[in-house]
Amino acid sequence: MTPDPPAPQPPVRRKALLAVLLAPLFMALVAVSVINVALAAIGEALAADSGGLQWVISGYALAFGIVLVPAGRAGDATGRRRMFLIGVALFTLGSLASGLAPNVELLNLSRILQGLGSGLLNPQTVALIQQHFRGQDRARAFAMLATTVAVATAVGPVIGGALIQVLGADAGWRWMFLMNVPIGVVAIVAALRIIPDDRRHRVPGKGRRPDLDPVGTLLLTLAILGVMLPFLERGVSTLVWLSFPVGLAMLGLWWVWEQSYKERGRPPMVDPAIFTNRPFRNGILIVSVYFLGATSVWIIVPLYLQMHLGHSAFEASLLGLPSSVAAAISSQIAGSRVLGMGRRMVIYGFAVAFTGLLGTALLAGPVESGWIPFWLLAVPLTLMGVSQGMTIAPNQTLTLNSVDPRYGGVAGGILQLGQRTGAAVGTAMIPGIIFSLTESGTPWLEAFTIAVASIMALTLAAMGVSIADRAREKAASASL
């Protein structure tokens, strides 16, 4: 574990700082979860086809993922408050433009602007928590971040549904975006007052700005675009999959460039040495594999209930509420104990997730036959929420504790990129299993069970990496 430098002077008002950091993050997360209930209303209001509607989601996700790591590097090098403010401003401007969009083309451009803003502010949030919080305070702060994620994910669809119900379809979806504008303005004003000014000025005596490695930034951007695009645009054409090997090739070129850049005495966007840090490397792998499977649960369960059992979208969405509440509570409990338990907390979290998945698979048959009501599926699915609180924030705390806070922006960006990439691949792969099986004549129940079993296998894989990292922890402690 990398020791923390002394706390910054003068000390900051940490509670106020955390509130300023989490408010825009909550706003950005609601913007993700709310859109699912708005697509039908948007399509009707703007006469948009399925391709245009898909980019309402995909454009945001691509823009968000592409800028995460470069934004973290820019914040580390030039000042995190400045990048945070730019991110909030772009997101707010994108929200205003989205709410006023006269057609789906301008809406998608506005959503891309929202995604860029969200991608800029997210790494700064993680880095500023790592910079200004120490020890148990940091663990609690990351737990509050996880609680924010859980609550925003839960209330987003509820807010969206309520706005459409009260204001009507057209005004309702527009106010889903416009409600972010006053929040964004208040967040900017508060950030200017609460977040310490940490601007990095020109290098003394050299008259030049910090080196942000523009070639490395471009190569990584193209690599992420190539890898993520086929999973976000999977319904357009099979030719889009050609971008995947191109993205992998660009990733290889980026890696070679970063090493060469460092050897020439220049500061690379991402120092390759960070990946020799085993706790950090294992933490990235753990969260990527976890998101590869866990996020797909909230796609395949509604698919099963709506497309096969005939339940409404509202009924299906209610199953996720207890899980979100459980995630919010377990995040707080786990945050207070993670430093003492270490990787054991994450391992136990995966065991809880495996139990919840097993229970979901076992109850699917009785639900289909009518022996038990569908809402009893909320019981094992609530365990997924408990697991979320025991894995995501604790893994983030343990992973970033091994990294020098000076590089917290880059480290946080990489960690979130692992989450986004895992989620993008998983949400294409797991539902794809169901569709390919049902289209070939496999009964829905069997296809659903196989998909859940696939997620269980990924959960065990993530647990295996956690167990290996726990063994490393014990070996390191024994050698002291």
Taking the stretch 408-448 and the residues there that are among the hydroxyl-bearing types (Ser, Thr, Tyr) and crowded, with 17+ Cβ neighbours inside 10 Å, the one that is nearest to Glu368 (Cα to Cα) would be Thr438
Got a sec? Which of Gly156, Gly119, Gly94 is within 30 Å of Gln332 (Cα to Cα) and buried (at least 24 other Cβ atoms within 10 Å of the Cβ)? Gly119
Please specify each residue of the stretch 342-361 satisfying the condition of being surrounded by fewer than 24 Cβ atoms within 10 Å (Cβ to Cβ), farther than 11 Å from Met463 by Cβ and either without any contact (Cβ under 8 Å) to a residue 12 or more places away in the chain or of a type in the set (Val, Ile, Thr) (or both). Thr355
Looking at the stretch 26-40, which of its residues are under 12 Å from Phe64 (Cβ atoms) and modelled with pLDDT of 85 or more? Ala28
Would you list the helices (runs of 4 or more DSSP H) that sit entirely within the stretch 257-349 and hold 2 or more residues that are under 29 Å from Asp211 (Cα atoms)? 278-294
Any residue at all in the stretch 89-108 that is over 30 Å from Ile284 (Cα atoms), out of contact with any Ser or Thr (no Cβ under 6 Å at 6 or more places or on another chain) and not in a helix (DSSP H, G or I)? yes
State all residues of the stretch 376-407 that are out of contact with any helix residue (DSSP H, G or I) (no Cβ under 6 Å at 6 or more places or on another chain) and crowded, with 24+ Cβ neighbours inside 10 Å; if no residue qualifies, say none. Leu398
Whether any residue in the stretch 311-318 is modelled with pLDDT of 90 or more and surrounded by fewer than 18 Cβ atoms within 10 Å (Cβ to Cβ) is what I want to check. no
Show the residue pairs that are 6+ apart or on different chains and have beta-carbon atoms under 8 Å apart, the first residue being within the stretch 368-389 and more than 13 Å from Thr355 (Cα to Cα), the second being among the small types (Gly, Ala, Ser) and surrounded by fewer than 20 Cβ atoms within 10 Å (Cβ to Cβ). none
Restricted to the stretch 227-266, and to residues that are buried (at least 18 other Cβ atoms within 10 Å of the Cβ) and among the charged types (D, E, K, R), which residue is farthest from Met429 (Cα to Cα)? Glu258
If we ask which residues in the stretch 381-415 are over 30 Å from Leu363 (Cα atoms) and hydroxyl-bearing (Ser, Thr, Tyr), their number turns out to be 4
Restricting to the stretch 28-52, count the residues that are open to solvent by less than 30 Å² (accessible area, probe 1.4 Å), part of a helix (DSSP H, G or I) and closer than 12 Å to Val104 by Cβ. 4
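The values are calculated or read from the model by the stated rules, or taken from the named source; none is laboratory data. Keep in mind the model is a prediction, meaning the values are calculated, not measured. Note: ideal-geometry Cβ built from the backbone for every residue, glycine included; neighbour counts use all protein chains shown. With ligands, DNA and RNA removed, areas are computed over all heavy atoms of the protein, side chains included. Shrake-Rupley method; radii C 1.70, N 1.55, O 1.52, S 1.80 Å.
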